[in-house]
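Bear in mind these aren't lab numbers, they're just calculated from the coordinates by the rules spelled out. Since this is a predicted model, take the numbers as computed values, not measurements. Every residue, glycine among them, receives a Cβ derived from its backbone with ideal geometry; neighbour counts consider all protein chains shown.
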Amino acid sequence: MSVAACLLLYSVAIAAAAPPLLTRMTRDGIAPHLGVAAWVAAIGSVVLSWVTVAVLLLTQLIQGWPSPGLSVISSCLANLREVISGRAGVALQVGVVAVAVMAVSTALGRLGFRLRRMRAQTHGHARMARIIGRRIDGLDAVILDAPERAAYCVAGKPHAIVLTSAALAALDERQLSAVLAHERAHLTGRHPQLLAILRGLSTTLPRVALLTIGAAEVARLLEMCADDRAARTHGSRTLLGGLLALSGPGPIPAGTLGATSIAVLDRAGRLAAPPAPAQRIRMRVLLTSVTTIITAGPLVTTALAAAGVMLCGPMAL
């Protein structure tokens, strides 16, 4: 099956090449929104390619039953200089497809379980914060009495922004507004939901570097996205002062997004010395181009494979 084989080759190439390439391109956070888009495009295209390959293999098995016809494995490998020689019978065909379907089903089941568990955890945390915390008029946050300085948001029904009493005491009025704007940017941008999916994928397939590195890099870039959103309204220096006032070893609950939980030094550096306009334009063009290429990759690969242009086109046995 040419389309399935070429999609598989494409996904392997992207999974290997994307982590070092995108890490270098997004390291400085010059265009964090586009950096997030590039990482999500790479991860989404690879995962979608794997699911499509499994579906195509299963479809061929059903259509070709009980005659082996063009074996998936033998046809693809024959075009790859017959890495494995000989004809593949029904037993091998069934075995390969069964393994692929079981692997995809198991992975999807584990992912669904982890997402449900994380959702229950964050919703429960938001609910308990609203129950045990206190409110202050004019402040859209829940105050928890604690000696550690912490500010974070948590997805729930409804969402919640949580401040400890120590954090409230450490921030002046302008810094407090900037920190709250940072947390609101996370919630309005649906950052917790995106990170939950990426972290679920990375824990489901921990050996895939694209997923593990991508989840960590997207978390860092989303903090920078929220920084930029808050800085546009309250100023970079004010937000920087708020982040420095909250910096410390205070614990942030799992599944939440804390203002000072990720890459504080990198974020402080870019807030103190924003990149030049020429750098921003150059990086935006570069990241947009890379994202477009990655997004179009599966479609182009499928079209070329269907047209018989690529190496793994069908070959009669």
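Of all the Cα-Cα pairs you can form in the range 221-272, what percent are over 16 Å apart?
34 percent
Say R0 is 22 Å: what FRET efficiency, to the nearest 0.05, do Arg232 and Ile281 get from their beta-carbon distance?
Efficiency, from the Cβ-Cβ distance: 0.75.
If you take every residue apart from His33 with its C-beta less than 10 Å away from the C-beta of His33, what net charge results, scoring Lys and Arg +1 and Asp and Glu -1?
After counting each charged neighbour, the total is +1.
Restricting the count to DSSP beta bridges whose residues both fall in the range 116-274, what percent are antiparallel, rounded to a multiple of 5?
So the antiparallel bridges in the range 116-274 amount to around 70 percent.
Less than 14 Å Cβ to Cβ from Ala215, Lys/Arg counted +1 and Asp/Glu -1: what total charge do the surrounding residues give?
Cβ neighbours under 14 Å give a net charge of +2.
Is the range 116-274 best put as rounded, prolate or oblate by its Cα gyration tensor, with a ≥ b ≥ c the root eigenvalues, rounded for a/c under 1.5, and otherwise prolate when a/b is larger than b/c, oblate when not?
It comes out oblate by the Cα gyration axes.
Rounding to the nearest 20 debye, state how big the charge dipole of the range 116-274 is about its Cα centre with +1 on each Lys and Arg Cβ and -1 on each Asp and Glu Cβ.
Its charge dipole is roughly 600 debye.
Can you sort Ile213, Ile136 by how many other beta carbons sit within 10 Å, fewest first?
Ile136, Ile213
Full-extension gain between Asp140 and Leu265, please, as 0.36 nm times their residue separation minus the C-alpha to C-alpha distance.
42.3 nm
What ranking of Met128, Met25 emerges when the number of other C-beta atoms within 10 Å of each C-beta is taken as an exposure proxy, fewest first?
Least crowded to most crowded, the residues run Met128, Met25.
Counting other C-beta atoms within 10 Å, which of Leu168, Leu239, Leu108 has the fewest, and how do the rest follow?
Ordered from fewest to most neighbouring Cβ atoms within 10 Å, Leu168, Leu239, Leu108 come out as Leu108, Leu168, Leu239.
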